[in-house]
Amino acid sequence: MTVKEKIDALVDQLSDVGIVPVIKLDKVENAEKLAKALRDGGINCAEVTFRAAGADEVIRRMTKAYPDMLVGAGTVLSCEQADAAVKAGAKFCVAPGLNPKVVKHCLDNGVPFAPGLSSASEIEQALELGLDFAKFFPAEQAGGLPYIKSVCGPYTSMRFMPTGGVTADNLNSYLSYKKIVCCGGSWIVPAKLLDAEDWAGITALCREAIDKMLGFEMVHVGLNCANPEEAEKVADEFECAFGFKKKVGNSSVFAATYMEMMKKPFKGTKGHIAVATNSVKRALYQLKLRGFDVDESSIKYNAEGVMNVAYLKHEFGGFAVHLVLKK
């Protein structure tokens, strides 16, 4: 696999996760506990920064305990640090700035590297080095999402991981833009929780961030009817009782937007439930981690190539569940 193929594979993995915790862990002996806390919260990923001594040992412990965890090294400022990180098991390296020597060293050795950029000139340097994925740092201070959108005009191939000032409150604004692969942040692993060794607290922050990122909302309930006549009859009843206006479609009859009566039995023993999300792709990744299988044959994409529909194999009380992309 070429380094470009490795970077593309990394980008795909990071896109699934959406959030990359930036970790400064002073107590090396807590590496496994922190990794478990992140995983339990739905984040099977970490950027372990070399701002703390023993970062390579933290990486080694995390990757040994959880070989499938996507662990990278952050604040990689030298070739020596990069080598130590990779030897310890780091799957990628990140830096706050762009040092051509370190970038070239990593790429020559097949290591995906995401340097920190904050200007058009640095983007051009990255492109010259063969990179099309980079950290945007410090994100908020350097202009945030408006700046990223403006530079993506002339630099259409670039993809970014904003870090610095990203919080639970602005996370979805960043992730809503197609050129944003994921966001890095330390708010999920605050120093006070690390110092207190509050692993349950970190897990809770992870789960809260994931749920906010996905933004699950129930859209409508579909009922399986025996035939078109029954579907219209039920829709008429909803309209009569609650004023839900009937709308007849090709395969179903809607009562407002809340209820869908299928003209013939479809998925689910009783029917289906539609759940909207900010990202079907990220939602499926999380649901698989939570033990729910996906009906791969049901996955659909919109005109822009973005996954927008998918069914789970599991039934909830006799109802199939399908995810739809929020509009």
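If contacts are Cα pairs under 8 angstrom and at least 6 residues apart, what is the relative contact order of the chain in percent?
Normalised by residue count, the contact order of the chain is 13 percent.
Along each of its three principal axes, how wide is the spread of alpha-carbon positions in region 197-327, in whole angstrom units, largest first?
Principal-axis extents of the Cα atoms in region 197-327, largest first: 60, 31, 29 Å.
With each run of n ≥ 4 DSSP H residues scored as -39500 (n - 2.57), what mean residue ellipticity at 222 nm is computed for the chain after dividing by its residue count and rounding to the nearest 500 deg cm²/dmol?
For the chain, the value works out to -11000 deg cm²/dmol.
State to the nearest 20 debye the size of the charge dipole of region 217-325 about its Cα centre, where the only charges are +1 on K and R beta carbons and -1 on D and E beta carbons.
300
Show me the trypsin sites (Lys or Arg not before Pro) within region 144-225 that DSSP assigns to loop and that have at most 12 other Cβ atoms within 10 Å of their Cβ. Spell out each step's value before the answer.
Working: sites: Lys149, Arg159, Lys178, Lys179, Lys192, Arg207, Lys212; in loops: Lys178, Lys179.
Answer in residue order: Lys178.
Please identify, among Cys183, Cys79, Cys45, the residue showing maximal mean-square fluctuation in a Gaussian network model of the chain using a 10 angstrom Cα cutoff.
Looking only at Cys183, Cys79, Cys45, the biggest GNM fluctuation is shown by Cys79.
Please report, in cubic angstrom per residue, the volume enclosed by the convex hull of the alpha-carbon atoms of region 1-123. Write out the running numbers ahead of the final one.
Values: hull volume 12.5 nm³, N = 123.
Dividing the Cα hull volume of region 1-123 by its residues yields 102 Å³.
So what's the gap between the Cα centers of region 227-291 and region 99-165, to the nearest angstrom?
Value for the Cα centre distance between the two parts: 43 Å.
If contacts are Cα pairs under 8 angstrom and at least 6 residues apart, what is the relative contact order of region 145-196 in percent?
Result for region 145-196 is 35 percent.
Can you count the Lys pairs in region 217-325 whose Cα atoms are under 14 Å apart, with each pair 8 or more apart or on different chains?
Total qualifying Lys-Lys pairs in region 217-325 comes to 10.
Taking 0.36 nm per residue of separation and subtracting the Cα-Cα distance, what length does fully extending Asp293 through Glu5 add?
Difference between extended and current length: 100.9 nm.
Using Cα positions and a limit of under 22 Å, work out the lysines in reach of Lys4, with same-chain residues fewer than 8 apart set aside.
Lys87, Lys91, Lys101, Lys104, Lys135, Lys178, Lys179
Springs between alpha-carbon pairs under 10 angstrom, Gaussian network model over the chain: which of Ile43, Ile299, Ile188 fluctuates most?
The residue with the greatest mean-square fluctuation here is Ile299.
Would you work out the relative contact order for region 217-325, in percent, from Cα pairs under 8 angstrom that are 6 or more residues apart?
Value for region 217-325: 27 percent.
Considering only the other residues whose Cβ falls under 14 Å of the Cβ of Ala196, what net charge follows from Lys and Arg at +1 and Asp and Glu at -1?
Values: positive: Lys27, Lys33, Lys192; negative: Asp26, Asp195, Glu197, Asp198.
With Lys, Arg at +1 and Asp, Glu at -1, the neighbours total -1.
Quick query: amide H of Phe133 versus all other amide H atoms, modeled in the peptide plane; which residues come in under 5 Å with a sequence gap of 5 or more or a different chain?
Distant-sequence amide H within range of Phe133: Arg159.
Please find, in a Gaussian network model of the chain (springs between Cα atoms separated by less than 10 Å), the residue of Phe136, Phe216, Phe244 whose mean-square fluctuation is greatest.
Among Phe136, Phe216, Phe244, the largest GNM mean-square fluctuation belongs to Phe244.
What is the spread of the Cα atoms of the chain along each of their three principal axes, largest first, in whole Å?
For the chain, the Cα spread along each principal axis is 73, 45, 36 Å.
Only the coordinates and a few stated rules stand behind these numbers; no lab work does. The structure presented is a predicted model; accordingly, all values stated were derived computationally and were not measured. Backbone-built Cβ (ideal geometry, glycine too); neighbour counts: all protein chains shown.
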